[in-house]
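Here the structure comes first, spelled out in structure tokens, and everything after it is commentary.
The values are calculated or read from the model by the stated rules, or taken from the named source; none is laboratory data. Model, not experiment: these values are computed from the prediction. Positions of Cβ are backbone-derived with ideal geometry, glycine not excepted, and every protein chain shown enters the neighbour counts.
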Amino acid sequence: MTQTHNEFFIEKEQLPVEITMVTGEELTGSVFVQPTWRRPSIEFDAPVLLNLPDAYLPVQLADGRTRLIAKAHIVLMRGRSTTADSERRDDELGEPAEVVIRCSNGTVVQGVLMITRVTSNSRVLDYLNRCSEEFIALHEGSATVLVNRRHIVLVHDEFDGTT
């Protein structure tokens, strides 16, 4: 049997993620990323996809259905990290800052924000105000959480026990 060639087919790989929407709804599924020489990664592939100017993102839900999600309504996207904490080199990713972030829908996330120097200062405040990317990465143990900056309401720039 011969397979028909579809000239509109674009090869993609699936990256498993959990998405929290502004409504509080949580979606589990996969986003589609360009194939590369390495496995799909929440740290590398998802930020590229989320920070593109396209307003919508296709997500294949766990039951196989595909939905188009408005990126502006995504509060955070969580996925398994492909890099262990012990393998991360601070000098290649920036300076670590322990933060607690409260989002517009009440979600609280805590972890390590790797601050790349945008100016001579390396404060969390300077990074958040000058970072050009809409979604920023926060390392939460074995997971990486991409947080939509438009939905950040409050940031504690260290773990001080309050949320």
Yes or no: PHE32 assigned to a strand (DSSP E or B), modelled with pLDDT under 90 and aromatic (Phe, Trp, Tyr)?
-> yes
Could you identify the single residue in ILE42, ILE101, ILE74 that is modelled with pLDDT of 95 or more, buried (at least 19 other Cβ atoms within 10 Å of the Cβ) and out of contact with any helix residue (DSSP H, G or I) (no Cβ under 8 Å at 6 or more places or on another chain)?
-> ILE101
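Yes or no, residue by residue, for (1) in contact (Cβ under 8 Å) with a residue 60 or more places away in the chain; (2) more than 22 Å from MET114 (Cα to Cα):
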| position | (1), (2) |
| --- | --- |
| GLU25 | no, yes |
| THR28 | no, yes |
| ALA46 | yes, no |
| LEU52 | no, no |
| LEU61 | no, yes |
| THR66 | no, yes |
| ILE69 | no, yes |
When the residues of region 127-163 are filtered to those that are at pLDDT 85 or above and acidic (Asp, Glu), which remaining residue is nearest to PRO16 (Cα to Cα)?
-> GLU140
Single match in GLU18, GLU92 (criterion: out of contact with any Phe, Trp or Tyr (no Cβ under 8 Å at 6 or more places or on another chain) and modelled with pLDDT of 95 or more) = GLU18
Return a yes/no flag: does region 5-14 have any residue that is in a loop (DSSP other than H, G, I, E, B) and either modelled with pLDDT of 80 or more or surrounded by 12 or more Cβ atoms within 10 Å (Cβ to Cβ) (or both).
-> yes
